[in-house]
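Take a look at the structure below.
The values are calculated or read from the model by the stated rules, or taken from the named source; none is laboratory data. All values reported here derive from a predicted model rather than from experimental measurement. Glycine gets a Cβ as well: all are built from the backbone with ideal geometry, and neighbour counts include every protein chain shown.
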Amino acid sequence: MLRMVKRFNAENPDIQALMQRMDWATCYNKLFVAGMGGRAPELFVVHTRAIQRFARAGFLRENDDLMSGANGIDLADLDANVWKGVEYHGKHYGLPLDVHAMGMYYNRKLFREAGIVDAQGTPRPPTNREEFLDAAKRLTIPGSGGRPDQWGFVFTNWESNIYTIMRQFGGEFFTPDYQKCIVNNAENVAALQFCVDLIRRYKVAPPPENFDSWIGFRQGKVAMAFEGIYMLADLQKQSDLDFSGAPVPQMGDHIAVWADSHNLCMRSDLSGEKLAATWRFIKYLSDNSLDWAAGGQIPTRPSRRNSPRFQQMSVQSAFARQVPYVNYLPRLPFIFEFQTEFGLALEKALRGRATPADALQVAQDNINRIIARDREANEAAGRGISA
Amino acid sequence: MTSRRNLSRYTGYFFALPYLILFTGFVLLPLFYGLTLSLFRWEMLSPLPAQFVGIANFQEAFHDNYFWQALGTTLRFVLLAMPPTIGLALLIAAGLRAAPTKRQSFYRAAYFLPTIMTISVAGILWRWFYNSEFGLFNAFLAPAGVKIPWITDVRWAMPSIVLMTLWWTIGGPMMALLAGLQNIPISYYEAASIDGAKPGTQFWRITLPLLRPVLLFVVVLNVIGSVQVFGQVYMITRGGPELSTRTLVQYIYETAFNNYRMGYAAALSWLLFVLIALFSFIQFRLMREQ
């Protein structure tokens, strides 16, 4: 990104963009406090899952006018689900730069050893539930002392992994108007039960109490893991790991996969020259998003994804095939509270400390309480949840 | 003469002034600002201005399971961490007192060293130590075929935090207790020995009673510090697994800076403040009675 900024500055002598890196753990806090004091930068990055809260707080400038303006971007060059992610009450509040979808990383060496290969001897990643279970079983190898030496699969990020499987089972999270949380439904319970079964019944994934999941994959002790495209750079540094990427297998009747996006957002009070300059920079980054992709990202715009250069990035392009059907987290201004409740339910179920239905019921009750509180505080101002 | 005496009456305040200014600006004023805030519903995510809600935030806390859970976790931490910290600090101090001066200063520095480390560094360090796959501790245990889920199991997580805290904080109480021990004249022990008192008796009859003021001081400080535990938990477990190590301060932090519910967070902070004040009051009363 820094190289892109430098090049932009060189090509546009009338504009100077200064970049500041920040740790994600504290970025939103700092951004929020800066925004409160009116000291936010002109341009900043907000994840799709957090767009609702920033838009509602009035920190973001809408960009529908700029998209359709002279220096605009063709909306046909954006996937509808991705563009919808930055919408709040009918307006759009950022330009998605990438889609960091989750995908399946698999260890090619372990696949070959287990004989899961096609006629040419190339490892053949599973694409549906049957193939996935079969592969996971064949890739789980018992070791001494009853503990497998090698696991077929591992849950890395519970939230994104299980959210995906729930969506694939057709599970809904809210009523269409977002007035009620319905996470405890038959589809989600079945999906969560399937995940628990991978650990407890089929024993093809390690229990979460005592396993460092992603490290396990990197050490070659795990054959398959679902992780975001942003983990690619991490793996590419490791020369002794023979891995590749594929779309997440379809476990249920629906195709779905978790994703989030980095969106380029503008401070709400921008106008005049500053606004024009900022937008020019945003458009430059979007137009050149293939450079961003090279570092382990997937560009939002199909025109960029269809280019030969992107097609050569094998893992990125494999993951990118999922973009048209990616699912973002629910559109909530109180997304972090939702994530706490949802994450806790998954944790309890995976650890076998509650049944999937019981765990999801607790989450559902708590989230409905949050909705009620939020409605009381915001609905009167016309700032309720935007479905 | 009189004016001079009047002046000297205020000299003390003059010397205290720099601190008083800082104390007022950075402690007292925020404290009361927080109290005001705790009576408002102010959510930074909402475009609405802050709204006066009376004691509604406090009422919410009393019905908030997460508040009670965090409070329980905090008290559990205090009960698990304070006795071994003080006990071990006293043991080390007693041992150091008996050591020759040169060696004593070396060990004193060694035991105090972890305390000067910032919590972020110490926390990251211990998170690696505790890693169940390739952590230092499990590497030591591997030959015995033991693998402990230090921070990933609900039963182990809190004791692991306590163990790390022990290592990190033992230096302070140890120093204070050592100073206290050194203030007890050697001649008392000599007289006791002549009278035939065994070391154990000497400890219970001489050391402990004379050390009491220092001991109480150390206990009070330790409890106040423990109730506010945050850094090590946040760095090592983030409050997990299953929120089993989420303490009150972390809950307040998350309420304020993840969920931006400032009024409610201020109310929770004030409840914590009352709790600490209560502890301190009881302990200082005990101290005065002695």
Of the listed residues (B:121, B:78), the one being under 24 Å from residue B:244 (Cα atoms), more than 11 Å from chain A (Cβ to nearest Cβ), among the aliphatic types (A, V, I, L, M) and surrounded by fewer than 16 Cβ atoms within 10 Å (Cβ to Cβ) is B:121
Could we say that residue B:154 is of a type outside the set (Gly, Ala, Ser), more than 14 Å from chain A (Cβ to nearest Cβ) and either closer than 20 Å to residue B:225 by Cβ or surrounded by 14 or more Cβ atoms within 10 Å (Cβ to Cβ) (or both) here?
-> no
Among the residues of region B:38-52, write down those that are within 14 Å of chain A (Cβ to nearest Cβ) and aliphatic (A, V, I, L, M).
-> B:44, B:45, B:48, B:50
Does at least one position in region A:83-100 carry a residue that is under 18 Å from the mean Cα position of the chain (by Cα) and at pLDDT below 90?
-> no
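A quick yes/no check of all residues on (1) within 14 Å of chain B (Cβ to nearest Cβ); (2) assigned to a loop (DSSP other than H, G, I, E, B):
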| position | (1), (2) |
| --- | --- |
| A:184 | no, yes |
| A:188 | no, no |
| A:194 | no, no |
| A:204 | no, yes |
| A:214 | yes, no |
| A:220 | yes, yes |
So which residues in region A:91-121 are of a type in the set (A, V, I, L, M), over 14 Å from residue A:151 (Cα atoms) and touching a residue at least 24 places away in the same chain (Cβ under 8 Å)?
-> A:95, A:97, A:99, A:101, A:102, A:104
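Can you pull out every residue in region B:126-142 that is touching a helix residue (DSSP H, G or I) at 6+ places or on another chain (Cβ under 9 Å) and modelled with pLDDT of 90 or more? Explain how you work it out, then say what you get.
First, the residues of region B:126-142 that are touching a helix residue (DSSP H, G or I) at 6+ places or on another chain (Cβ under 9 Å): B:126-138.
Result: B:126, B:127, B:128, B:129, B:130, B:136, B:137.
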State which residue is farthest from the other protein chains (Cβ to nearest Cβ) when the search covers only region A:53-62 and only residues that are out of contact with any strand residue (DSSP E or B) (no Cβ under 6 Å at 6 or more places or on another chain) and crowded, with 21+ Cβ neighbours inside 10 Å.
-> A:59
All conditions in (1) at the interface with chain B (Cβ under 10 Å from one of its Cβ atoms); (2) surrounded by 16 or more Cβ atoms within 10 Å (Cβ to Cβ); (3) not small (Gly, Ala, Ser) are true of residue A:322 except (1)
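Residues in region B:95-112: is at least one under 30 Å from residue A:332 (Cβ atoms), at pLDDT below 95 and assigned to a helix (DSSP H, G or I)?
Within region B:95-112 (the criterion being under 30 Å from residue A:332 (Cβ atoms), at pLDDT below 95 and assigned to a helix (DSSP H, G or I)), the answer is no, since none of the residues qualifies.
Against the definition (surrounded by 13 or more Cβ atoms within 10 Å (Cβ to Cβ), in contact (Cβ under 8 Å) with a residue 40 or more places away in the chain and not in a helix (DSSP H, G or I)), how does residue B:45 come out, yes or no?
Criteria met by residue B:45.
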Hey, any hits in region A:129-139 for a residue that's outside any helix (DSSP H, G or I) and touching a residue at least 40 places away in the same chain (Cβ under 8 Å)?
-> no
How many residues does region A:110-123 contain that are crowded, with 17+ Cβ neighbours inside 10 Å and either outside any loop (DSSP other than H, G, I, E, B) or not hydrophobic (A, V, I, L, M, F, W, C) (or both)?
-> 3
Helices (runs of 4 or more DSSP H) (entirely within region B:184-260) containing at least 1 residues that are without any contact (Cβ under 8 Å) to a residue 12 or more places away in the chain | B:186-194, B:199-202, B:208-227, B:248-257
Filter region A:108-163 down to residues that are over 24 Å from the mean Cα position of the chain (by Cα) and among the aromatic types (Phe, Trp, Tyr) and give me whichever is farthest from the other protein chains (Cβ to nearest Cβ).
-> A:111
Just wondering, is there one or more residues in region A:26-38 that are part of a loop (DSSP other than H, G, I, E, B) and of a type outside the set (Val, Ile, Thr)?
-> yes
Among the residues of region B:33-43, is any within 30 Å of residue B:207 (Cα to Cα) and touching a Phe, Trp or Tyr at 6+ places or on another chain (Cβ under 7 Å)?
-> no
In region A:167-186, what count of residues is obtained for those that are closer than 22 Å to residue A:385 by Cβ and out of contact with any Asp or Glu (no Cβ under 7 Å at 6 or more places or on another chain)?
-> 13
